[in-house]
Amino acid sequence: MDDNRKTKAETATARGHIYGLLAAVFREEPDKEFIRELKSPQFSEVFSGLGADLGDEFHESVADNLCDELSMEFTRLFLGPGLHISAHESIFVDVDGESGELWGAKTVEVKKFIETTGLRYDEQFTGLPDHISVELEFMRKLAEWEADLWIQGEIEHAQHCLTLQKMFADRHLMRWVPNFCARVIDEAKHPFYREMAKVTSDFLEFDNKSINESLS
């Protein structure tokens, strides 16, 4: 494998890992195992590379206590009861001047886009296709496919896979996730979710520019 393909494969793999990490952050309340992973040197290096400053308190807190704190904050921010931030594209994006609603037009668009790639949802999945964690996980899968295609020497297919990522980011992620992240930054009480929202918004902007440059 030539150096150019190797570099592209490594880049796609790294991007996939970041998308996977961000998807996990917003998917559900963190359990103790996930907290321990986040506090590991490997993840600390990733966070540092992304410009995230989780602070000494995060790294010094006992995992059990931190798990409880983040679980309560996750519930308050994204689940309720009471006012909360819905992590769904259809809530943030109006269609034809109508206010967003769950299982709205954007939900259907995302569902169709994902299914055209041949992907299927886990049988145990009960959420909506336009949840932020699903959209980020979809990007993770596309980046992994891209990496494999570069390794296999399927250059045209790898470029097509990158084009799919650009299309999905332009039509969906970039149209609502920055606004979602801005609300999380404003309303989060725990610094972890403020930092994760900032990292997510910054990474999407950076990655979108990088994809555009790669395709130009």
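The values are calculated or read from the model by the stated rules, or taken from the named source; none is laboratory data. Keep in mind that this is a model prediction, so the values were computed, not measured. When we count neighbours, we look across all protein chains shown, and the Cβ atoms used for this are built from the backbone with ideal geometry, even at glycine.
Couple of notes before you dig in:
- Test: Ile91 is aliphatic (A, V, I, L, M), within 24 Å of Ser201 (Cα to Cα), touching a Pro at 6+ places or on another chain (Cβ under 8 Å) and not in a loop (DSSP other than H, G, I, E, B): no
- Summed over the range 98-113, the residues that are closer than 20 Å to Pro178 by Cα and either part of a helix (DSSP H, G or I) or more than 20 Å from the chain's Cα centre (by Cα) (or both) give a count of 9.
- Any hit, the range 131-148, residues being free of Cβ contacts under 8 Å to residues at least 60 places away in the same chain and on the phi > 0 side of the Ramachandran plot: no
- The helices (runs of 4 or more DSSP H) located wholly in the range 115-198 that include 3 or more residues which are β-branched (Val, Ile, Thr), out of contact with any strand residue (DSSP E or B) (no Cβ under 9 Å at 6 or more places or on another chain) and modelled with pLDDT of 95 or more occupy 174-187.
- Checked against the criterion of being surrounded by fewer than 16 Cβ atoms within 10 Å (Cβ to Cβ) and closer than 26 Å to Glu205 by Cα, the candidates Gly16, Gly20, Gly49 yield just one match: Gly49.
- On inspection, Phe138 fails the criterion of being hydrophobic (A, V, I, L, M, F, W, C), under 14 Å from the mean Cα position of the chain (by Cα) and surrounded by fewer than 19 Cβ atoms within 10 Å (Cβ to Cβ).
- Taking the listed residues Ala158, Ala105, the one that is of a type in the set (Gly, Ala, Ser) and either under 30 Å from Arg5 (Cα atoms) or in contact with an Asp or Glu (Cβ under 7 Å, 6 or more places away or on another chain) (or both) is Ala158, with no other qualifying.
- Qualifying position, being under 21 Å from Val134 (Cα atoms) and aliphatic (A, V, I, L, M), among Ala52, Ala24: Ala24
- Checking each residue in the range 159-200 for being over 24 Å from Asp94 (Cα atoms), buried (at least 18 other Cβ atoms within 10 Å of the Cβ) and touching a residue at least 24 places away in the same chain (Cβ under 8 Å) picks out Leu162, Ala188, His190, Phe192, Tyr193, Glu195, Met196, Val199.
- Against the numbered list (1) in contact (Cβ under 8 Å) with a residue 40 or more places away in the chain; (2) exposed (fewer than 15 other Cβ atoms within 10 Å of the Cβ); (3) within 28 Å of Asp56 (Cα to Cα); (4) not aliphatic (A, V, I, L, M), Phe203 comes up short only at (2).
- Selected residue (only one of Ala14, Ala52 is modelled with pLDDT under 90, out of contact with any Leu (no Cβ under 9 Å at 6 or more places or on another chain) and within 28 Å of Trp176 (Cα to Cα)): Ala52
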